[in-house]
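These notes concern the structure reproduced below.
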Amino acid sequence: MYDNWFSVFDNPWVVWTLTAIYVLSIIITLGVILSENRNPVKSLAWVTVLVLMPAVGVVIYIFFGRSIKNKRMISRRNRRRLRRQLHTRHIDPGKLDLSLESLHLSRLAHSLTGAGFYPDNAITVFTNGTSKFAALERDLMQATQFINIQYYIFADDKIGRRIRDILMERARAGVKVRVIYDHVGSIHTKSKFFKEMREAGIEVYPFFRVTFRVLGTRVNWRNHRKLCVIDGRVGYIGGMNIADRYITGGKSFSEWRDSHLRIEGPAVAAIQSTFAVDWNFMGRPLIEDPMQDYDEYNPCGAVGVQMVASGPTSQWSNVEFMFHRAIASAKKRIYIQTPYFLPTEGLLKALQTAALSHVDVRIMLPRRSDSAMLRHASFSYITECLRAGIKIYLYEPGMLHSKNIIIDDELASVGSTNFDFRSFEYNFEANLFLYSKEFNSRMTEIFKADQRRSLRVIPSVWARRPRSTKAAESIIRLLAPIL
């Protein structure tokens, strides 16, 4: 039977027809890539994939290369309704004692996303999972009205089961509990884990569920946000997922160093808004939870906050634009912590320009990464940075997963956005931009404490890396825009 089947290929017309279809599919795919007028670097990366691996490249593009830019996350009507519901106090930052650079950045955030400026917030910074999850558990157990919680990874491990059990107990007590998890990020978590939540009365939904029927259109778009809102009075945002590795370091690392924030104050409404948009995007009814009404005469704290959400549906690359403006405006220093460093051409030039202008630019990366490919790709940019006078530090104790930026004396950003193409283009991300000299000072102290546990890269030593290592970095860098 198989001999008869393969004998079909003895017919030259069959071979020519299949070859023509094969070549035509590649030409059509190339035409689609070029017609989208994307960043030339990214287009060239896709063309490289198709040239080097024609058959596989077409499949990879169908799965990972398509665009959903300008797809509406929420209707204009529902967005207006949401803004009316979140009637918390946000003000014109021009009335505050902000630097001119911070004022311009806050106006950019408003232009990009309509982000309001929320003053008078109290911020707690967590640099390890033990303290973060202890605080989160306490707040969850005190919930009386609602819990909205969203994570890229919700693992079925010790901490995951502990958080799940608290959510189930609160749901049984009459608290409204909603959970969003990313279907790709939580792919190793069995469906039974979430089924038990639903049986307890929790509304649980995966973001962009991946099935074979729609696999080609959804697998590349991931909701990378880590958000939580409790009773409209407390919010959480940062880089930590719900998984044991943030406490134990996991199987490969002695520690998993990350950053997360706890917020009390009017800015909690901004986190609620981002969650509500994602909830509505999945076809769920618009959330109408009551929010805490904060008294401007009795502020929770003194930190001004803007929330900037970004994703593949956005008209602009929101967080990337914010980073670019902040970096270009820096006068004294730029400190960056990121697990993966694959900057766009514009961001790389902005960092080099700052360093050549004698701004103190420091970038901290993990010495060992959870992804060998991304480690090679990240390291391929180090030589260019060193040439411009950028200081590179490799964090040694474990996996550095923090996504922090500190600019001059007043601005800091903490959230889920990595300094790479995927976060800027394909992931749904969320960052807080915090305007406060006191908070900036706190984040600077944390950065310098991590710096003392890091190895500074010396240009002369870096240049002596094995040729095989340099070659691997150069080859993998070709794929950086689509990693």
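The values are calculated or read from the model by the stated rules, or taken from the named source; none is laboratory data. Here the structure is a predicted model, which is why all the values come from computation and not from measurement. Please note: Cβ atoms are built from the backbone with ideal geometry, for glycine as well, and neighbour counts cover all protein chains shown. We work out accessible area using only protein heavy atoms, side chains counted, and drop any ligands, DNA or RNA first. Shrake-Rupley method; radii C 1.70, N 1.55, O 1.52, S 1.80 Å.
Key figures for this structure:
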| item | result |
| --- | --- |
| Computed over region 319-362, Cα set: Rg, Dmax in Å | 9.7, 26 |
| Sites Glu345 and Glu196 - FRET efficiency at Förster radius 56 Å, r taken between beta-carbons, to 0.05 | 0.75 |
| Zone of Thr353's modelled label, taken as backbone nitrogen in region 304-326 under 12 Å from a point 7 Å along Cα→Cβ | 324-326 |
| Approximate shape of region 314-410 as ellipsoid semi-axes (Cα gyration tensor, √5λ), whole Å, largest first | 21, 16, 13 |
| Label-point separation in nm, Glu384 to Ser252, each point 7 Å along Cα→Cβ | 2.5 nm |
| Which of Tyr435, Pro459, Ile475, positive extreme of dipole for region 432-483 (C-beta unit charges) | Pro459 |
| Gyration tensor (alpha-carbon) shape descriptor, region 247-291, a/c threshold 1.5 | oblate |
| Accessible area in square angstrom per residue, region 314-404, 1.4 angstrom probe | 35 Å² |
| Listed residues Asp182, Asp409 arranged by accessible area, highest first, probe 1.4 Å | Asp409, Asp182 |
| Inter-site label distance for Glu169 and Leu96 at 7 Å from Cα along Cβ, in nm | 3.7 nm |
| Stretch gain in nm, segment Glu396-Arg465, where the contour uses 0.36 nm per residue and the Cα spacing is subtracted | 23.0 nm |
